[in-house]
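To start, the structure under review is shown below, and the notes come after it.
Derivation of every value follows stated rules applied to the coordinates shown; laboratory data play no part. Please read these numbers as outputs of a predicted model, since none were measured by experiment. Cβ coordinates were reconstructed from backbone atoms using ideal geometry, including for glycine residues, and neighbour counts include every protein chain displayed.
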Amino acid sequence: MFNLIVPLIVGILLGYVLRNKKRVNLSQVTFGTIIVLIFSLGFSIGASNELLGAMPKVGLNALVVLMLALLFSVVFVKAARKMVRMK
């Protein structure tokens, strides 16, 4: 937990200090970092027989959560629209 909070706080402080400086487009750096993280996750899963064996169960659970989230999102949006009288 400490390993996550310290970089977050340092990033916030650095952003606060540099907020009036020239803006740098970090989208390519962010995209590259995300790709490296996804690769690392895939590598870790592929290297572990235990994790690889659990993938079907995890996938099924993720599918159920996804479908329920979509269903309830649609239901609540329709209910909210009726409450504010939108069509």
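Structure values in brief
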| item | result |
| --- | --- |
| Single match in Gly42, Gly15, Gly11, Gly46 (criterion: in a helix (DSSP H, G or I), loosely packed, with under 10 Cβ neighbours inside 10 Å and free of Cβ contacts under 8 Å to residues at least 40 places away in the same chain) | Gly15 |
| Residue check for Arg23: among the basic types (Lys, Arg) and either touching a residue at least 24 places away in the same chain (Cβ under 8 Å) or not in a helix (DSSP H, G or I) (or both) | yes |
